[in-house]
Amino acid sequence: MDETNKVQNEIEDPADAAQKEAAGGRGGIIGALILFIKGIVVGMANIIPGVSGGTIAVVTGIFDPLINAINTLFKKFKKNIKFLLPVGLGLVVGVVAFSKLIGLSLDKFPLQTGLFFAGLVIGSVPLILKKAGEGSRFRTVYLVPFALCAMVVVAMAVYQTYFSAGTETVSAGALPAISFGLVIKLFFGGMLSAGAMVVPGVSGSLVMMLIGIYDDVLAMISGLVSFHDMKTVLSAALLAVPLALGIIAGIFTIAKIISILFKRAKTGTYYGILGLLCGSVLALLINLGQYNITYSVPGILAAVVALAAGAAIAFFSSRLGGRSKGNE
């Protein structure tokens, strides 16, 4: 009897249910494939100016289970790894495989590409509003985290567009000399940047620029793929160690903070996330100012279609996720 209750409790565990819902209510290879594809979309989002991976993690429905899986990694190691591995692999594939495609889309069709991702964010707003309203009535005080979070994202977009325009396209220079100070800077820089990447609406690359390690990271990535010069590869790998440790520490730290916020102020936290999402839409539009956009009737119509398509994909994906949860 005790064993039956134990199994029943495991089945009804909200964290496990959230992971299954994120996988479209499917298990096995199909569920892993769904998580892998969502990871790819999150990785692609990191390349788009004004969009953060955390924002699209919310849109695709993996944000909450992702935070929980990171926080309880060793408590339910096997289950969490089954969730984190396909998402992580998809994220890497999204960044590496689609960086040129997204870059080309932004160069050739900046308005349409930007509005498609804006649509993805807009389409997820009803889901966040629903979660924010679960178990709590609206109070005026919730507008405070909403407004503050929205303003932070918009302010960062303004800085990135009008005060650091072109920084992201700087070519990687020579590797910096290894020193104790640089190691500390890379560790804490990686920690802050990775933490920012988890937060919806915040650009990790912009944080790297503000800290002053973006050029060093570009040089490091370039050095890691310089296979014709193994000395450069080894030097880059040595520099990558403190950065990687900082990234891991940052992800675990911010995930823990978000988890505490969900436990102590769930509704206020969701309104803060809602502010980050709404701020992201404005940030996208502001960041489009970096591109030379030529307006025409066909182009505007295509942009409207892209916006509607993105919103529809996000909205109906969240509806399907909720339906699969209800059918369990």
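Checked against (1) outside any helix (DSSP H, G or I); (2) modelled with pLDDT under 85, residue 18 passes all but condition (1).
This table checks each residue for (1) among the aliphatic types (A, V, I, L, M); (2) buried (at least 17 other Cβ atoms within 10 Å of the Cβ).
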{"position": "77", "(1), (2)": "no, no"}
{"position": "86", "(1), (2)": "no, yes"}
{"position": "94", "(1), (2)": "no, yes"}
{"position": "101", "(1), (2)": "yes, no"}
{"position": "123", "(1), (2)": "no, yes"}
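Here residue 36 does not qualify as surrounded by fewer than 17 Cβ atoms within 10 Å (Cβ to Cβ), at pLDDT 85 or above and of a type in the set (Phe, Trp, Tyr). For region 269-323, the set of residues classified as surrounded by fewer than 16 Cβ atoms within 10 Å (Cβ to Cβ) and either closer than 25 Å to residue 254 by Cβ or modelled with pLDDT under 75 (or both) consists of 319, 320, 322, 323, listed by residue number. For beta carbons closer than 6 Å, sequence separation of 6+ or different chains, a first residue in region 81-92 that is closer than 17 Å to residue 18 by Cβ and a second that is among the hydrophobic types (A, V, I, L, M, F, W, C), the qualifying pairs are 83/69; 84/69; 86/32; 86/35; 86/36; 87/35. Residues of region 239-256 being in contact (Cβ under 8 Å) with a residue 12 or more places away in the chain and aliphatic (A, V, I, L, M), which ones? Matches in region 239-256: 239, 240, 243, 244, 245, 247, 248, 249, 251, 254, 255. The residues on offer are 263, 256, and the sole one that is under 18 Å from residue 195 (Cβ atoms), among the charged types (D, E, K, R) and part of a helix (DSSP H, G or I) is 256. Looking only at residues in region 42-75 that are of a type in the set (Ser, Thr, Tyr) and either more than 23 Å from residue 28 (Cβ to Cβ) or at pLDDT 85 or above (or both), the one that is surrounded by the fewest Cβ atoms within 10 Å (Cβ to Cβ) is 72.
Residue 226 passes every criterion in (1) out of contact with any helix residue (DSSP H, G or I) (no Cβ under 6 Å at 6 or more places or on another chain); (2) surrounded by fewer than 17 Cβ atoms within 10 Å (Cβ to Cβ); (3) free of Cβ contacts under 8 Å to residues at least 60 places away in the same chain apart from (1). Residues in region 84-129 that are closer than 16 Å to residue 38 by Cβ and β-branched (Val, Ile, Thr): 87, 92, 93, 95, 121.
The values are calculated or read from the model by the stated rules, or taken from the named source; none is laboratory data. Bear in mind that the values here come from a model prediction, so they are computed numbers and not experimental data. Heads up, the Cβs are rebuilt from the backbone with ideal geometry, glycines too, and the neighbour counts pull from every protein chain shown.
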